[in-house]
Structure formats: C-alpha cells, structure tokens
Amino acid sequence: MIESPSRGSTKSADALRVNVLVVDDQPDKLLSLEAVLGGLGENIVTARSGREALRRLLEQDFAVILLDVNMPDMDGFETAAMIRQHRRCAKTPIIFVTAFGDDIHTAQGYSLGAVDYILSPVVPDILRTKVSVFVDLFRKTEEVRRYAEERIGMAREQAARAAAEESNRQLSFLTEATAAITQSLNRAVTIRGLNRVVVPFLADFSTIALLDERGRVGQIAAAWTDESDQRHSAETDDGSETTEPLAAAIDELLVAVPGDRLQRATATLLESQQLARLQEHLAATLFSAALLPIFARGRTIGAILLACREPRCSFSPGHLLLAEDLAGRAGIAIDNARLYENVQEHDRRKDDFLAMLGHELRNPLAPIRNAVEILRLGGAMDPVAAQARDMIDRQAGHMSRLIDDLLDISRIARGKIQLRKERCDVTRIVRDMVEDSRVGIEQGGLRLHVELPDEPVWVMSDATRLSQVVGNLLHNAHKFTDEGGEIRVRLTAQASGSVQLGIRDSGIGMDRETLSAAFDAFTQADRSLARSRGGLGLGLALVKGLVELHGGTVRAASEGLGHGSEFSVQLPVESLPLEDLPERSPLKSTGPTLRVLVIEDNVDGAESMRMLLNHMRHETQVALTGPAGVAAARGWRPEVVLCDIGLPGGMDGYAVARALRQEPGLAGTMLIALTGYGQEDDQRRAHEAGFDRHMTKPVNIFELSRTLASFGSDAKENDANGNHKARPLAAQPA
C-alpha cells in the first residue's frame with residue numbers, strides 16, 4: 001500500500017518545481033499550452049496579458065517565458081521590451097509563440113533577446129523539448145547559486161571574500177556556458193559555443209567529441225591557445241587535420257576509463273602513460289589532462305578532453321567539480337539538441353511522405369474525375385446511372401478535400417504557405433461559398449439562413465484561401481448537424497474597422513475538453529468507434545492557420561453537448577473605397593480548336609484526359625513516355641502540351657519541358673505541368689524547367705477549360721511567320 005505524502009514532503013516536492021510562465025490572451029490556447037507542458041511536472045503559471053505577466057515576474061523567478069506575439073493592449077514584442085528593462089528578469093529566456101513566421105517578425109523577436117521563435121500550432125514534443133532545456137539549466141544554476149551562498153555563509157570573513165569571489169567567477173562562467181549551449185538546438189553549434197567559454201577559463205586546450213551509433217567518436221569541435229595566447233579552433237567538417245588524431249586519442253581514452261566513472265560522468269585525470277600517448281597524437285607538449293564523459297539518459301553520448309600546457313593551469317579538485325557540472329549541463333543540452341534534430345528529421349520525412357502520398361492518391365483520382373465529367377458531358381442517362389455518377393463525383397471530391405487539408409496543414413506548420421493578397425469582396429466570397437454548399441446542406445435535411453451586407457466589404461486577402469476558410473467552416477457545421485437542424489451564416493462589418501463572419505449550427509456541440517482543443521490538428525469531436533462523421537480532424541486547424549496568416553482571429557464557442565457550436569472569424573477591413581471587382585469570367589464551354597498533346601504514363605489518366613479534351617472539341621494525341629512525347633511534339637507541333645511530371649524511363653516531365661523549350665518550332669507552345677505534387681517547391685521547379693502553368697491532379701476541369709479557351713482566343717498572337725507565342729501564366733495556388 002502506498003502512503004500519501006506528509007504535508008512536509010508535499011511542501012518539499014513543490015519547492016523543487018521550477019516556474020514556467022505562459023502568456024497568451026486566448027483562454028483556449030493557454031489551456032492547450034498548459035496541457036502540453038503539464039507532463040514536465042513543473043509549476044506552470046499563466047497570464048492573459050502583458051501587464052499581468054510583468055506583475056508575475058515581479059513576484060516570482062521563472063526558468064523560461066512562453067510569450068504570444070499577437071495580444072491586444074500590449075503585444076508580445078512590447079511585453080518583451082518591458083521585461084528586459086527589469087534587472088530581475090533581464091536574462092530570463094523568452095520563447096515567442098505565434099502564427100506569424102516571416103523573417104521580419106523573427107528578426108524583431110531575436111533583437112529583443114528571444115532565445116527561440118515557435119510557429120503555432122505548436123508540435124507538443126518540440127515545445128516540451130525546448131522548455132525542458134531551460135528548466136534543467138535553471139535548476140542547475142539555482143543549485144550552484146545555493147551552493148555558493150552556503151559556502152560564503154560558512155567561511156570566515158577573509159575566506160568568505162575569497163570564496164565569494166571564486167564562486168562568482170564560477171557562477172559567471174556557468175552562466176556564460178549555459179548561454180553558449182542554449183543558443184541553438186544544433187549539436188555542432190552547441191559544442192562550438194561550449195569550447196568558446198571553456199578556453200582559457202578551464203584549460204588551454206578543449207575538445208568536445210560526440211559519439212556515433214557505434215559508440216565511436218564521430219563529431220568533434222576543438223579549441224586551444226598557443227604560446228602567444230592566439231586562439232585556434234578545428235571541427236569535423238572544416239577539413240582540419242587536427243580532428244582525426246583527436247578522434248583516435250579520445251576513442252583510446254574512453255576504452256580505458258573505468259566503468260563506474262564512465263556511468264557517473266566523473267572526471268578522470270590522465271596518467272603519465274596516457275598523457276604521453278595523447279602528446280603523440282597531438283604532437284604537442286602537455287602538463288596535465290582530464291577526460292570527462294558526457295552522460296545523458298543512461299548512456300555516454302560523448303566526452304570533454306581538457307589539457308594544460310603549464311602548471312598554472314593544473315586541475316584542482318574545485319576545477320574538476322566545475323568541469324563535471326559543465327559536463328552534466330552539456331549532456332542535457334546536447335541530448336535535447338539530438339532529440340530536436342530527430343524530431344526535425346522525422347518531420348522532414350513526414351513531409352516527404354505526405355507529398356508522395358498526395359501524388360499517389362491524386363494519380364488515380366484524376367481519371368476518376370475525368371470519367372465523371374465525360375459521363376456528364378455525354379448528356380441524358382438512366383436515373384440510376386446518373387445517381388451513381390453523382391455519387392462517384394461527391395466521394396472523389398471528398399477525397400480531394402482530405403488530401404488538400406492534409407498537405408495544407410503541414411505547410412502551415414512549417415511556415416511554407418505564402419498568401420497572394422489582393423483586394424477582395426468578402427461578401428461575394430461568402431455568398432459564393434454558401435451557394436456552392438447549399439445543395440448538399442439542404443439535401444441533408446438542414447435549414448440554411450444567410451444574412452449578408454447589401455454592399456461589398458473589402459479586405460486584403462488571398463481569395464482562394466479565404467474561400468477555403470469559409471468552405472471548411474460550412475463543411476464542419478454540416479458534418480456535425482443532424483437532419484432537421486439549421487445552420488446560420490452572418491457577415492457584419494464592425495465599427496472597429498473589421499469584418500466578422502459567424503457560422504452557427506444546432507448540431508452536437510462541444511464539451512469543455514473538445515472546445516479547448518477545437519483548433520488542434522487531428523482533433524475529432526466524433527470519437528466513437530463508428531466515426532460516422534468522418535474526416536481527419538484537420539479542417540479547423542487549417543482554418544485557424546489561414547485566418548492568422550491574414551492577420552485575423554478565429555474563436556469557437558459552445559454551450560455544451562447537444563447545444564450546437566458557433567465559429568467567429570474576424571478580419572481587418574480595407575478602409576479605402578474601391579470600384580466593384582469584375583465578375584468572375586464565365587467558364588467557356590467552347591473556343592478555338594487547339595492541338596493538345598497529353599504526355600501521361602497512367603493509361604487510364606491519359607485516355608480519360610483525351611476523351612475529355614475531345615468533348616471540348618480539341619484535337620488530341622497521347623504519349624505514354626517522355627521520349628515518345630518529345631518525338632510526337634516535334635512531328636505534330638501541338639499548341640498545348642499537358643505533361644505529367646513523374647514519368648518513367650529516365651526522362652521525367654522537367655526533362656521533357658527543357659527538351660521542348662529547345663525546339664525552335666515549339667517556341668510558342670503552352671506547356672502545362674499536370675502532376676500530383678502541388679507544393680511550392682514543385683511549382684518553382686516546374687517554372688524553372690519551362691512550364692507556363694502548374695496544375696495539381698485531379699485537375700479542375702473548369703480551370704483547364706478556361707486556360708485553354710484563354711490561350712486559344714487571347715494569348716495566341718500570330719507573328720509574321722504564322723507562329724504563335726504563349727503568354728506566361730501564373731501557377732495555380734497549391
């Protein structure tokens with residue numbers, strides 16, 4: 001039976017906790033961050049404004065501050081500047097947490113003394129890893145400080161002055177060393193910064209070596225001073241001949257270290273024979289040397305080798321204790337850097353996998369969507385067949401939405417989405433998205449009430465992304481509202497110079513736990529085994545990311561389960577009056593007949609695209625490989641080429657585009673990249689290879705039709721020789 005701790009022991013446990021301050025004006029975000037950091041077992045203190053945070057800092061010491069940038073009254077940057085003016089917290093580490101990931105905001109944050117800048121939504125493992133570094137180092141510093149105070153109090157007055165001076169020197173050294181090893185979560189930067197403070201404070205020569213998976217020295221950073229006190233350095237990656245003998249020497253020394261000293265990371269003074277062997281490796285004269293294993297989470301991850309040329313730099317017991325303390329701190333920092341690098345590597349692999357997954361899923365979707373359009377263009381058909389056709393169309397559209405959401409949330413998390421802002425009528429955007437969703441909502445047995453302003457409301461926005469926000473909120477309301485319910489959409493211009501969109505449903509509602517995590521990625525309100533409502537739990541996270549990129553805010557509210565939910569989006573209004581934007585260009589069902597070459601290795605995809613283009617009254621040829629496509633283009637001289645990127649046989653779509661751009665007779669041919677890869681790097685590579693346009697599978701048939709019609713009627717200019725020149729077109733939003 002486990003007994004409850006006594007009152008005294010509880011007080012002792014509380015005293016060992018380190019304070020972490022989390023500042024954010026949004027209660028749901030505070031609750032989410034508090035839950036993420038709760039696993040650290042520390043004292044998480046929250047503040048909902050910059051002023052409240054300053055009051056907290058006057059009352060307590062904190063190991064680290066997590067500070068939101070976008071707050072009313074006093075934003076994060078102003079708060080950070082005020083914090084730095086107080087002597088007590090001038091050195092307290094600040095980590096900014098925000099959705100604004102551009103270089104200007106990042107530079108401003110670091111200029112105010114920030115130690116890091118995290119984009120939201122945060123990755124819990126990365127956040128905990130970063131915070132734990134400062135918690136552990138704060139605790140270590142507090143231990144050294146208390147130790148120094150005890151020594152000063154116990155010593156006589158004269159000895160106390162000497163001890164205080166030495167303690168202050170050591171504390172200053174440890175403070176500087178702590179700053180050096182926490183400035184980055186890159187292991188190479190960490191060990192390089194550590195060497196800068198070790199030499200010459202602890203030794204004339206310092207080497208920090210990290211072990212690889214086999215337990216052998218892999219990564220090295222060395223620093224030393226010569227007889228004229230000139231400073232030198234060498235690293236594994238700089239090609240220096242110094243690192244190879246150092247690696248061999250440290251490998252030998254680690255083998256000779258007793259097991260108990262290795263496991264406890266205890267300093268070991270080199271014996272005369274070991275010292276002589278080290279001098280052979282380094283071709284240098286040394287007076288003394290010590291080896292300190294770097295220990296973390298039950299294993300040795302590296303070593304620090306310190307050496308002195310003269311007796312004045314000998315290793316006293318006090319210096320060795322200080323070095324052991326330093327090795328302990330280094331172990332924490334290096335291990336956390338390794339964990340962070342692992343997370344980054346896993347994140348990179350995840351992004352590569354998502355890109356590949358999107359490509360592989362879009363490839364079979366393309367012929368499915370093409371086939372549906374072919375059936376629709378074929379005219380009247382049996383009612384049962386028409387119902388089956390529409391069912392296929394809806395499910396293929398649902399699959400496309402899931403793929404796009406999955407890729408977009410990954411881009412937002414990495415700060416890779418760039419908005420193409422222009423003046424947009426948000427009234428029109430909401431009206432169009434409501435009309436696009438109306439049929440599905442009403443077929444689901446729901447009532448739809450819409451209240452929009454009579455006049456345009458202008459915002460600076462990426463119209464495609466803002467439409468995505470509205471569409472996702474409508475889809476969410478529809479998904480979680482049962483038959484017989486209602487959805488209310490209301491758009492109002494606020495006196496404060498903003499516009500507010502509210503979408504309220506009478507659906508299943510949210511409890512407190514679900515509400516606090518509503519905008520977290522992969523969060524699902526429907527957690528039953530049946531999962532009848534489907535989805536990946538990405539729609540609302542995507543909404544939040546896109547709204548914050550626009551400089552707006554989004555909030556969720558619910559009175560509880562069974563009482564529906566309401567989502568409110570607030571965006572800044574463009575204040576200057578503007579003439580009405582032109583209506584969207586109608587989809588041109590007919591236009592000049594074009595010769596279109598389709599280069600696609602997927603037989604179904606190629607054949608369905610050929611059939612679709614024939615329905616549009618274009619002449620079409622198909623090639624299944626890159627070389628066959630280039631040969632066909634040379635002989636047939638197409639006006640438009642639709643080319644897949646991932647072609648087999650050693651000639652991909654980029655190579656095809658480069659080859660076609662070198663053909664004088666094809667100078668005016670429009671090249672359209674048609675691919676399952678839709679990220680910004682893919683678009684950039686396509687344009688560098690010579691493509692005029694980049695379209696993601698499954699292609700939007702209306703967009704393709706408009707592009708071909710525009711090329712045929714507007715962008716084709718006949719020169720004196722009868723050749724035509726294509727007008728370069730921008731890439732479609734991913």
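Sort 356-364, 343-351 by packing, meaning the average of other beta carbons within 10 Å per residue, with the highest value first.
Details: 356-364: 17.6, 343-351: 13.0.
My ranking of the peptides, most packed first, is 356-364, 343-351.
Which residues among the range 618-650 fall inside the zone where the amide N is under 11 Å from a point 7 Å beyond the Cα of residue 377, along Cα→Cβ?
So the set is 618-620.
Between the range 383-400 and the range 659-692, what's the alpha-carbon centroid distance in Å?
32
Just going by the charge dipole of the range 21-103, with Lys and Arg at +1 and Asp and Glu at -1 on Cβ, which of 60, 22, 72 is farthest out on the positive end?
Selected residue: 60.
What spacing in nm lies between the two simple spin-label points modelled at residue 449 and residue 61, each 7 Å away from Cα in the Cβ direction?
Here the modelled spin labels are 5.8 nm apart.
Output wanted: per-residue J couplings in Hz (rounded whole) for the range 214-227, from phi through Karplus 6.51 cos²θ - 1.76 cosθ + 1.60, θ = phi - 60°, x for Gly and Pro.
Once θ is set to phi - 60°, the couplings for the range 214-227 become 8, x, 9, 5, x, 10, 9, 9, 10, 8, 7, 10, 8, 4 Hz.
So what J values fall out for the range 290-298 if you push phi through Karplus, 6.51 cos²θ - 1.76 cosθ + 1.60 with θ = phi - 60°, rounded to Hz, Gly and Pro as x?
With the stated coefficients, the range 290-298 comes to 9, 10, 10, x, 9, 10, 7, 6, x Hz.
Order 552-563, 53-64 from most to least packed using the mean count of other Cβ atoms within 10 Å.
Details: 552-563: 16.1, 53-64: 17.8.
The densest-packed peptide leads the list: 53-64, 552-563.
Sort 458, 636 by accessible area with a 1.4 Å probe, largest first.
Details: 458 25, 636 55 Å².
Largest to smallest exposure gives the sequence 636, 458.
Give the long-range amide H neighbours of residue 66: residues separated by 5 or more places, or on another chain, with amide H under 5 Å away, using H modelled in the peptide plane at 1.01 Å from N.
Amide H to amide H, under 5 Å and 5 or more residues apart or across chains, residue 66 pairs with 21, 22, 23, 95.
How far, in nm, would the chain grow between residue 512 and residue 252 when pulled straight, counting 0.36 nm per residue and subtracting the alpha carbon separation?
On the way: separation 260, 0.36 × 260 = 93.60 nm, distance 5.92 nm.
Working it through step by step, the gained length comes to 87.7 nm.
Can you order the peptides 329-340, 376-387 by their average number of other Cβ atoms within 10 Å per residue, highest first? Display every interim value, and only then the final one.
Numbers: 329-340: 22.4, 376-387: 10.3.
Taking the mean over residues of other Cβ atoms within 10 Å, the ranking is 329-340, 376-387.
Say R0 is 51 Å: what FRET efficiency, to the nearest 0.05, do residue 688 and residue 500 get from their beta-carbon distance? Let's see the in-between values first.
Values: r = 42 Å, r/R0 = 0.82.
Using R0 = 51 Å, I get an efficiency of 0.75.
By how many nm would the segment from residue 125 to residue 310 lengthen if fully extended, with 0.36 nm per residue of separation less the alpha-carbon distance? Provide the component values of the computation, followed by the final result.
Working: separation 185, 0.36 × 185 = 66.60 nm, distance 4.64 nm.
Gain in length upon complete extension: 62.0 nm.
Once you place label points 7 Å from the Cα toward the Cβ at residue 460 and residue 423, how far apart are they in nm?
Going from the residue 460 label point to the residue 423 one covers 1.2 nm.
On a 23 Å Cα-Cα criterion, which of the cross-link pairs 130/350; 130/421; 29/421; 350/697 come out too long?
Flagged as over cut-off: 130/421; 29/421.
Length gain on complete extension for the stretch residue 73 to residue 390, per 0.36 nm per residue less the alpha carbon to alpha carbon distance? Before the final figure, lay out the partial values.
Working: separation 317, 0.36 × 317 = 114.12 nm, distance 5.20 nm.
Contour length minus the Cα-Cα distance gives 108.9 nm.
Between residue 607 and residue 663, what is the label-point separation in nm under the 7 Å Cα-to-beta-carbon projection?
Modelled inter-label distance: 2.5 nm.
The values are calculated or read from the model by the stated rules, or taken from the named source; none is laboratory data. Because the structure is predicted, anything quoted here is derived from the model rather than measured. Reconstructed Cβ throughout: ideal geometry from the backbone, glycine too, with neighbour counts over all protein chains shown. Keep in mind that these areas ignore ligands, DNA and RNA; they rest on the heavy atoms of the full protein, side chains included. Shrake-Rupley method; radii C 1.70, N 1.55, O 1.52, S 1.80 Å.
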